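Colleague: I am attaching a structure below and will ask some questions about it afterwards.
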Amino acid sequence: MTPGTVAVEYNLAMAKNRIAVISTGGTIEKTYDELEGVLENQLSVLDVMLASLQLEGVEVVRVPLMNKDSLEMTEEDHDLIASTAASMAAAHDGVIVVHGTDRLAVSGERIVKQLGTPRVPIILTGAMRPYMLRNTDALQNLTEALLAVQTCKPGVYAVMHNRVLAFPGVTKDRQRGTFTAGESAI
């Protein structure tokens, strides 16, 4: 060290962001049943997707809530998703809900109705095509959700296809195969 210089010590051991990832099933987690020739929600592939990502500075807490196609979800399921998101938001730096796209907006609206503005970001994401298919949007959407949950202000959002949309008022545009902000379907 030369005269007049000051040594500065940096603490590189930064605290990790604790992110709760709630899995509910949906297309993103569908697997192909070769014997029946159908895509089903039988096994979770979310752990495989998370393991393929570099998540430095993030501690993921997995919450396997259910593994359903969202078209099969009941009002009680949406209430359970909302209450679980609320309890995870109280104890974590952010929450991601992996959800089927057909009823994702219903759960997003239910979370807003029950919580108003949560103290941390709650991100809902899913996929139009299963992770197991070659031409899937699953890993992109999960990656975007992981970034958004660390950078968005507190609120409830749908994150897919390079877009962050705030609830209320998010809807699925079935013709375009994505989500838009507009009039709420609820």
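Colleague: About the Cα centre, and with charges only on the beta carbon of Lys, Arg (+1) and Asp, Glu (-1), how big is the dipole of segment 17-181? Nearest 20 debye, please.
Modeller: Values: 15 positive and 20 negative charges, 136 e Å.
Approximately 660 debye in magnitude.
Colleague: Residues with amide H under 5 Å of GLY26's amide H, sequence separation 5 or more or different chain, H placed in the peptide plane at 1.01 Å from N; which?
Modeller: Under 5 Å from the amide H of GLY26 lie the amide H atoms of LYS68, ASP69, SER70, GLY100, each far enough along the sequence or on another chain.
Colleague: Whose amide H sits under 5 Å from the amide H of VAL63, counting only residues 5 or more places off or on another chain, with H placed in the peptide plane?
Modeller: VAL21, ILE22, SER23
Colleague: Over segment 17-181, what portion of Cα pair distances is larger than 25 Å, expressed as a whole percent? Walk me through the intermediate numbers first.
Modeller: Working: 2935 of 13530 pairs.
Of all Cα-Cα pairs in segment 17-181, 22 percent lie more than 25 Å apart.
Colleague: Right, here's the next one. For PHE179, list long-range residues whose amide hydrogen, built 1.01 Å from N in the peptide plane, is under 5 Å from its own amide hydrogen.
Modeller: ASP173
Colleague: Along the Cα-to-Cβ line of THR117, 7 Å from the Cα, sits a label point; which residues in segment 138-157 have backbone N less than 11 Å from it?
Modeller: Those under the cut-off are 153-156.
Colleague: To continue, here is another question. Give, in nm to one decimal, the length gained when the segment between LEU147 and ASP47 is fully stretched (0.36 nm per residue of separation minus the Cα-Cα distance).
Modeller: On the way: separation 100, 0.36 × 100 = 36.00 nm, distance 1.73 nm.
Answer, rounded to one decimal: 34.3 nm.
Read the figures in this text as sums done on the coordinates, not as results from a lab. The shown structure was predicted, so the numbers you read here are calculated from the model rather than taken from an experiment. Every residue, glycine among them, receives a Cβ derived from its backbone with ideal geometry; neighbour counts consider all protein chains shown.
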